[in-house]
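Down below is the structure, laid out as structure tokens.
The values are calculated or read from the model by the stated rules, or taken from the named source; none is laboratory data. Quick caveat: nothing in here was measured; it's all calculated off a predicted structure. Here the Cβ is made from the backbone with ideal geometry for all residues, glycine too, and neighbour counts use every protein chain on show. Ligands, DNA and RNA are excluded from the accessible area calculation, which covers all protein heavy atoms including side chains. Shrake-Rupley method; radii C 1.70, N 1.55, O 1.52, S 1.80 Å.
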Amino acid sequence: MTTARLIPVVALLLTSACTATGSTGSVQVFIEAEDTIPEGLDPGDGEENVVDGWTVRYSKFLVTVGDFKASRSSASSEVLADPGQTVVDLLQLPPGGFVLTEFDDVAAERWDRVGYSLPNADDSAEAADGTDAADRDFMVQAGLSLHVEGEISKPDGQSCLLGDPAACSKAPVVRFSWSLAAGTSFADCAGPDGIAGFAVPSGGTAQIKPTIHGDHWFFTNITQGAEITERRAQWIADADADLDGETTLDELRAAPAAKLFPAELGYNLSGALIPVVTAYDYLEAQVRTLGDFQGEGECPTRELL
Amino acid sequence: MSFPHRPLKPLALALAIMMMLPAGACGTTGAEPFTYPIAVAGAGASFPIGDWQVTLDRADLALGPLYLCATAAASPELCEVALGEFAEVAVIDLLAAEPQPIGEVLALAGDVRSAMLDYGISWFTTQARATAGSELGHSAHLSGTAVRGADILDFDAVIDVLPPLRGSPALVGVRARVDDPDQGSRLLLRINPGAWLLGLDFDALAALGPDVEIRPGDPAHATIAFAMTTQPPVFSWTHE
């Protein structure tokens, strides 16, 4: 393309970005689970693998989702909002996906300010299609934003007390069942291409996918944009102080984070939404980053709820 | 210390890019750079940690360079153009609770949502390894006394907080939020060095003897460096 042909195209883009067209479309908001939730994580050297040899599998993964919002910088008074909240079993999503909310007669423009929440469940929460009422009640009664159960396994796995290589015991399987009230809002969501929000096609439907990730508590950093990190699971085994094969939240609260997440293993936990002093703080800090967008896109503005 | 070694675009380059944009592109941004003061305040020198009463007699910190970013969770990629920079390394006495002016932030108009910074040791893309940028030669020097009944422990900690990767600051995504600061703005960073010692096992240190040196490679060093990373300065802005 020559410069002479490029200039009118650029001018058209600038014009269309600053004016409304008057046409409308629809928006469907789906809740999507990252593949790491139904499929778990495998050991290996690949980008999505756990580098210290552990296999991860989840048996329960409940989240509370809600408060979807979208607006446009060019017309901030126009807002798409659904303040409701829903408990979602991410291992039991309907085959066609779970639709959190829908909007019709939406301006066919780019809605560049998008956010949603993973709040602490309250009485208003509904159960998503495919989610047991008992799971919804459990989340509401405890006021939880997340409940996750699963295990890490490794044939030659060891639990080394607070990371001390001189204090290791065999631990081929370590279970966990963690409930957290770590309500967090996520805003300024952008797709994997980095473009903020979503575009509504004239006469068509934009399908929006807030995406819940299932691997952040294995990260060696606090995700800041692109997930440039390693995944490690040894910390869960090393926090099992009583060696009973299950790492509890109380054990995480008693484990100094500096011992389980050393810089020598590549950990850098700057940028956490909360101070990280214990392993529980690490878990909570990572839980507060699980809300992503359109798969691998990010919602970099996170606030405590 | 110069700014352009970062993967960020230096302000001067950012200004040049802005001036090349079409003037009518959905309004213009104020591209004139400006400055406003930055100061640091420490905290009290004496505090309890478990059964021990700890008193610091020295708490020197090397701070900087520091960058202000437009996105709330900012990797160097997301903070490609800084909205503000304090490009120097200042050595600060954290025992002083009063704000200590350390220089000026060179800024561009725009909302700030996070910060990135080094504790005096930077690893620019042009360097083979991380290098200290101040006369302190390290990130921090903390010394003092811990007392538990008749037990007295003197400690002297020299701390290096290294950037994890070449081209990346040591701390990224630090919470820092202000809408559209201007020449009348004032940035204050509050730092409590006592919080960085909370994870220390003073019982274990006392077992080593009455005088303990904490140096890179020691477990206690890792504990303090970890805390400096996860409990960063608290940013606040005022306006005169």
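Only protein chains counted, 1.4 angstrom probe. Which residues of segment B:208-229 are at least 30 Å² less accessible in the assembly than when their chain is isolated?
With the partner chains in place, segment B:208-229 has these residues losing at least 30 Å²: B:226, B:229.
Report the charge-dipole magnitude of chain A in Debye, nearest 20, computed about the Cα centre from +1 at each Lys and Arg Cβ and -1 at each Asp and Glu Cβ.
Working: 18 positive and 48 negative charges, 172 e Å.
Computed about the Cα centre, the dipole is about 820 debye.
Once Lys and Arg get +1 and Asp and Glu get -1 on their Cβ, which of A:293, A:258, A:243 lies farthest toward the positive end of the dipole of chain A?
Value: A:293.
Whose amide H sits under 5 Å from the amide H of residue B:214, counting only residues 5 or more places off or on another chain, with H placed in the peptide plane?
Those lying under 5 Å, H to H, from residue B:214 are B:156, B:157, B:158.
With all protein chains present, how much of the accessible area of segment A:69-127 (probe radius 1.4 Å) comes from carbon and sulfur, to the nearest whole percent?
41
Can you list the residues of segment A:156-179 with backbone N under 17 Å from a point 7 Å past the Cα of residue A:243, pointing along Cα to Cβ?
Residues passing the 17 Å test: A:156-175.
Counting only the heavy atoms of the protein chains, how much of residue B:166 is accessible to a 1.4 Å probe, in Å² to the nearest 10?
Its heavy atoms expose roughly 130 Å² to the probe.
Return one number: the angle in degrees, 0 to 90 and rounded to the nearest 10, between the long axis of the Cα atoms of helix B:11-20 and the longest principal axis of the Cα atoms of chain B.
So the helix axis and the longest Cα principal axis differ by about 20 degrees.
Within the set of other residues whose C-beta is less than 14 Å from the C-beta of residue B:57, count the net charge using Lys and Arg as +1 and Asp and Glu as -1.
Computed value for this residue: -4.
Do you know which residues of segment A:242-262 lose at least 20 square angstrom of accessible area in the protein assembly compared with their chain on its own, with a 1.4 angstrom probe?
Going by heavy-atom accessible area, the residues of segment A:242-262 that drop by at least 20 Å² are A:258.
Tell me, what ³J(HN,Hα) does each residue in segment A:259-275 have, in order and in whole Hz, if you take phi through Karplus 6.51 cos²θ - 1.76 cosθ + 1.60 with θ = phi - 60° and put x for Gly and Pro?
Taking θ as phi minus 60°, the curve returns 7, 8, 10, x, 4, 4, 8, x, 6, 9, 9, 5, x, 5, 6, 10, x Hz for segment A:259-275.
Tabulate in residue order the Karplus-calculated ³J(HN,Hα) for segment B:154-163, using 6.51 cos²θ - 1.76 cosθ + 1.60 with θ = phi - 60°, rounded to whole Hz; enter x for Gly and Pro.
For segment B:154-163, the Karplus curve yields 9, 10, 9, 10, 10, 10, 10, 9, 9, x Hz.
Could you identify which residue out of B:219, B:163, B:37 has the top mean-square fluctuation in a GNM of chain B using Cα springs shorter than 10 Å?
Per the Cα network of chain B with a 10 Å cutoff, B:219 tops the list.
To test your reading of the geometry: what angle, between 0 and 90 degrees and rounded to tens, separates the Cα axis of helix A:133-142 from the longest principal axis of chain A?
Helix A:133-142 and the main axis of chain A meet at about 80 degrees.
Can you pull out the buried accessible area for chains B and A, both sides counted, probe 1.4 Å, rounded to the nearest 100 Å²?
Summing both sides, the interface buries roughly 1800 Å².
Calculate the dipole size of segment A:44-168 relative to its Cα centre from +1 charges on Lys and Arg beta carbons and -1 charges on Asp and Glu beta carbons; express the result in debye to the nearest 20.
Working: 8 positive and 24 negative charges, 42 e Å.
Magnitude of the dipole: close to 200 debye.
5 Å is the cut-off here: which amide hydrogens, built 1.01 Å from N in the peptide plane, fall below it relative to residue B:137, excluding neighbours closer than 5 in sequence?
Result for residue B:137 returns nothing.
Tally the DSSP beta bridges in segment A:29-105 and give the antiparallel ones as a percent, rounded to 5.
On the way: 14 of 15 bridges.
Close to 95 percent.
Across peptide A:271-283, how many C-beta atoms of other chains are within 10 Å of each residue C-beta, on average?
Neighbouring Cβ atoms belonging to other protein chains average 4 per residue here.
Looking only at A:52, A:156, A:67, which one moves most when chain A is put into a Gaussian network model with springs between Cα atoms under 10 Å?
A:156
Would you please give the residues with an amide H less than 5 Å from that of residue A:157, counting only those at least 5 places away or on a separate chain, with H modeled from the backbone geometry?
A:171
What is the percent carbon and sulfur in the accessible area of segment B:99-240, measuring with a 1.4 Å probe over the protein chains and ignoring ligands?
On the way: 3180 of 5990 Å².
So the carbon and sulfur contribution to the accessible surface is 53 percent.
What are the residues of segment A:195-239 that lose 10 Å² or more of accessible area, with a 1.4 Å probe, going from their chain alone to all protein chains?
A:224, A:225, A:228
Express in nm, to one decimal, how much length is gained between residue B:46 and residue B:152 on full extension, taking 0.36 nm for each residue of separation and deducting their alpha carbon distance.
Between residue B:46 and residue B:152, full extension yields 36.7 nm more.
Pick out, from A:207, B:138, B:150, the residue whose Cα sits farthest towards the positive end of the charge dipole of the protein assembly as shown, with +1 on the Cβ of Lys and Arg and -1 on the Cβ of Asp and Glu.
Of A:207, B:138, B:150, it is B:138.
Treat every Asp and Glu Cβ in the protein assembly as shown as -1 and every Lys and Arg Cβ as +1, leave all other atoms uncharged, and give the resulting dipole magnitude about the Cα centre to the nearest 20 debye.
Value, rounded to 20: 1340 debye.
Using the heavy atoms of the protein chains alone and a 1.4 angstrom probe, what is the accessible area of segment B:115-240 per residue in square angstrom?
Result: 43 Å² of accessible area for each residue.
If you plug each phi of segment B:32-38 into the Karplus form 6.51 cos²θ - 1.76 cosθ + 1.60 with θ = phi - 60°, what whole-Hz ³J(HN,Hα) values come out, in order, with x for Gly and Pro?
6, x, 8, 10, 8, x, 10
Got a number for the accessible area of residue A:154? Probe 1.4 Å, square angstrom, nearest 10.
Rounded to the nearest 10, that gives 40 Å².
Tell me the per residue accessible area of segment A:121-168 using a 1.4 Å probe; a whole number in Å² is fine.
For segment A:121-168, the solvent-accessible area averages 51 Å² per residue.
Arrange the residues A:265, B:142 by how much accessible surface each exposes, largest first, with a 1.4 angstrom probe. Intermediate values should be presented prior to the final figure.
Details: A:265 75, B:142 0 Å².
Per-residue accessible area, sorted high to low, gives A:265, B:142.
Relative to the longest principal axis of the C-alpha atoms of chain A, give the angle of the C-alpha long axis of helix A:3-16, reported between 0 and 90° and rounded to the nearest 10°.
Between the helix axis and the principal axis of chain A, the angle is about 80 degrees.
Need one number: % antiparallel among DSSP beta bridges in the protein assembly as shown, to the nearest 5.
That works out to approximately 85 percent antiparallel.
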